[in-house]
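Some notes on the structure that comes next.
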Amino acid sequence: MLPRPDKAIAALALGLLAVLPPALAQTGALASPTEKYLAQERFSLVAPFPPGGPIDSLARIMADGLSKKYGQPAVVENLPGAAGNIGIGKVKRAKGDGRTLLVVPAGNLTINPTLMPDFPFNIERDFVPITMLAKAPNVLVAHPSTGFKTARDLIAAARAKPDT
């Protein structure tokens, strides 16, 4: 039986929370002035999807870790809509002080610009990647009554009956 994606994401995120801060401390990335600055205000993690999904869960795990590390509140703001662009826009308009973070699938930052002619952001200019939080494999499934056993079966059926 395959692990549930939400449990796999949570396990990976917890692993990153356990490993990432000590690793950053070793590099000097979390030196004393940074820690003092980060402890001044709350963190806001923007999840551009509704509550209860994998992005929300991952953002909540990160918020809990940040709150424990810096002794400050860390809140998750769910801002769904427009294929994630509402939440992405909030982070773009934020102060840029490192306190407002975007938790988003990479697809929203790579696919949206190609599908939306009026995509309102320049991903390379407007955002700085920090880290990959999780890898979430995707699967293709069909009801057993379809008779599809492979992706090749599905493609053959689609070619045989286009537009259905």
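Do we find that Leu66 is out of contact with any Gly (no Cβ under 8 Å at 6 or more places or on another chain), in a strand (DSSP E or B) and at pLDDT 90 or above in this structure?
Values: out of contact with any Gly (no Cβ under 8 Å at 6 or more places or on another chain): yes; in a strand (DSSP E or B): no; at pLDDT 90 or above: yes.
The answer is no for Leu66.
Among the residues of this structure, Gly89 does not count as one that is under 21 Å from Met132 (Cα atoms), free of Cβ contacts under 8 Å to residues at least 60 places away in the same chain, in a loop (DSSP other than H, G, I, E, B) and over 13 Å from the mean Cα position of the chain (by Cα).
Consider Pro51 against the criteria (1) touching a strand residue (DSSP E or B) at 6+ places or on another chain (Cβ under 6 Å); (2) at pLDDT below 95; (3) loosely packed, with under 15 Cβ neighbours inside 10 Å: it satisfies all of them except one. Which criterion is unmet? The one condition Pro51 does not meet is (2). Selection over the stretch 97-119 of residues that are loosely packed, with under 13 Cβ neighbours inside 10 Å and charged (D, E, K, R) gives a count of 2. When we screen Phe127, Phe148, Phe119 for residues that are touching a strand residue (DSSP E or B) at 6+ places or on another chain (Cβ under 8 Å) and free of Cβ contacts under 8 Å to residues at least 40 places away in the same chain, the only hit is Phe127.
Okay, residues lined up against (1) among the basic types (Lys, Arg); (2) in contact with a Gly (Cβ under 8 Å, 6 or more places away or on another chain); (3) under 29 Å from Ile155 (Cβ atoms):
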position: Lys95; (1), (2), (3): yes, no, no
position: Leu101; (1), (2), (3): no, no, no
position: Thr110; (1), (2), (3): no, no, yes
position: Thr114; (1), (2), (3): no, no, yes
position: Ile123; (1), (2), (3): no, no, no
position: His143; (1), (2), (3): no, no, yes
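The values are calculated or read from the model by the stated rules, or taken from the named source; none is laboratory data. If you're wondering where the values come from, they're calculated on a predicted model, not measured in any experiment. Cβ sites come from the backbone with ideal geometry, for glycine too, and all protein chains shown count toward neighbours.
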